[in-house]
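Trainee: Structure provided below as structure tokens; questions to follow.
The values are calculated or read from the model by the stated rules, or taken from the named source; none is laboratory data. What you see is a predicted model; the values in this text were computed from it and never measured. Because the Cβ atoms are built from the backbone with ideal geometry, glycine has one as well, and the counts that use them run over all protein chains shown.
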Amino acid sequence: MNDTTEHIGRNRVLTGDTPTGRLHLGHWVGSIEQRVAMQDDYDCFFLLANMHAFTTRADKPDDIRRDTIEIVKDWLAAGIDPARSTIVLQTEVPAIAELSWYFSMLIPFNRVMRNPTLKTEIETKGLGDKYSFGFPMYAVGQCADILAFRPEYVPVGEDQVAHIEMCREVARRFDQIYCGVDPHAEDEQYESQGGTFPIPKALVGRVGRLLGTDGSNKMSKSLNNAIFLSDSPKQVKKKVNSMYPGQSREPDQPGDPEINPVFQYADVFIKDKEFVAELRERYRAGDNLGDGHVKAHVIEAINELLEPMRRRRAEFEGPSGDDAVIEIIRDGTARANETAERTLHDAKQAMRLDFGERTLRWK
Ligand code: TRP
């Protein structure tokens, strides 16, 4: 095992997505944008949480495989660059599965079941009391996803903060029990006090909650109110134009931009902030500004953002595109395993499980 392929001296970032479908603008402003921007300054690992996809869709292996490849295309289109960052396939990093077991013993069962993100998911996905044992287990698995890479930051959407908090608890507990770190130590001191794990921090993107095109709910694939990163210019236009502006008015009548969801998009996607302030003013004053006009500016801004993504995505179309994606996954996962195996080695040493050495072969 060696660390020569790592970008020595740079702090690490790890985050991931469960491959469940295409990424949309809510994902972009909630987290992806930030990940893309961090690639120059951090040693970034982006995890495909394909094992987690099985927690609710164990009977759909073909769909999960397809979604896994598609989400990589979304990432590449969005600007995640495999030359600078490492794309990791969760199911081929055995250290994650092993660490999950050890971590599951450091956290009370009831603490996991009280995790608000899990509870919300059980509700919104209508899982009732029929969910698999593996479903709540994924939250423990997520601690292992993160800690296997010992990152400083975990850029995620707002909904994931509860999971990162659990991960921080697990890391503290491990370091206290197995590495003798003082329970009163500050989070920043855990590594210097000999802890195996740092206490990673969540980083939430610039918009926690982007409205969907229905104007009332958070943008979400399942609510049918999403603008996808892969949408065509025509689809973007159609979706934005279908939005209800929250009120009925004529261009020369005063309006309230604050109850018009199109203005959230204007704020988020139009770069020229003075221009948006001006639009708001004119809308309020009823200064000959129709809703179609505001929408046209929003459509233009969104398409400007998506255009380079469409170009990059086009490079990965068809079966040869799938092959190229699989090559990227293989290459990244090989590098990721070097880091994760080193972590597992250190963790087992701390746990007095150092009975021998083991290496991983990867093809
Ligand atoms: N649970 C996350 C989601 O559904 C995906 C995920 C899996 C993740 N492992 C992770 C996110 C590790 C951050 C870090 O969005």
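Trainee: Scan the range 12-33 and report the pairs whose first residue is of a type outside the set (A, V, I, L, M, F, W, C) and whose second residue is assigned to a loop (DSSP other than H, G, I, E, B) and within 8 Å of the ligand (Cβ to nearest atom), with Cβ atoms within less than 8 Å and a gap of 6+ or a chain change.
Mentor: G16/A49; D17/A49; T18/A49; P19/A49; G26/G157; H27/G157; G30/G157; S31/G157
Trainee: Which number in (1) surrounded by 22 or more Cβ atoms within 10 Å (Cβ to Cβ); (2) free of Cβ contacts under 8 Å to residues at least 40 places away in the same chain marks the one condition that D59 misses?
Mentor: (1)
Trainee: Can you report the number of residues in the range 1-31 which are within 11 Å of the ligand (Cβ to nearest atom) and either within 21 Å of I64 (Cβ to Cβ) or at pLDDT 95 or above (or both)? Break it down stepwise before answering.
Mentor: First pass over the range 1-31, keeping only residues within 11 Å of the ligand (Cβ to nearest atom): 13-20, 23, 27, 30-31.
Checking which are either within 21 Å of I64 (Cβ to Cβ) or at pLDDT 95 or above (or both) leaves us with 13-20, 23, 27.
Residues flagged as within 11 Å of the ligand (Cβ to nearest atom) and either within 21 Å of I64 (Cβ to Cβ) or at pLDDT 95 or above (or both) within the range 1-31 amount to 10.
The rows are residues; the columns are (1) within 16 Å of the ligand (Cβ to nearest atom); (2) farther than 21 Å from V170 by Cα; (3) in contact (Cβ under 8 Å) with a residue 24 or more places away in the chain.
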| residue | (1), (2), (3) |
| --- | --- |
| F45 | yes, no, yes |
| F54 | yes, yes, yes |
| I64 | yes, yes, yes |
| E70 | yes, yes, yes |
| A77 | no, yes, yes |
| A95 | yes, no, yes |
| P116 | yes, no, yes |
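Trainee: Now, a different point. Please pick out the residue among I199, I146 that is within 18 Å of T343 (Cβ to Cβ), within 14 Å of the ligand (Cβ to nearest atom) and not basic (K, R).
Mentor: Criteria check complete, one pass: I146.
Trainee: Kindly indicate whether R84 is in contact (Cβ under 8 Å) with a residue 24 or more places away in the chain and away from the ligand (no atom under 12 Å from the Cβ).
Mentor: yes
Trainee: Regarding the range 234-250, can at least one residue be identified that is part of a strand (DSSP E or B) and either at pLDDT 95 or above or in contact with a Ser or Thr (Cβ under 8 Å, 6 or more places away or on another chain) (or both)?
Mentor: No.
Trainee: Go through the range 156-184 and report how many residues are within 13 Å of the ligand (Cβ to nearest atom) and not in a helix (DSSP H, G or I).
Mentor: Adding up the residues that qualify gives 2.
Trainee: Run down S100, S104 and say which single residue is surrounded by fewer than 19 Cβ atoms within 10 Å (Cβ to Cβ) and on the phi < 0 side of the Ramachandran plot.
Mentor: Result: S104 is the single residue among S100, S104 that is surrounded by fewer than 19 Cβ atoms within 10 Å (Cβ to Cβ) and on the phi < 0 side of the Ramachandran plot.
Trainee: Which condition breaks for Y153 when tested against (1) more than 15 Å from the ligand (Cβ to nearest atom); (2) more than 24 Å from L353 (Cβ to Cβ)?
Mentor: (1)
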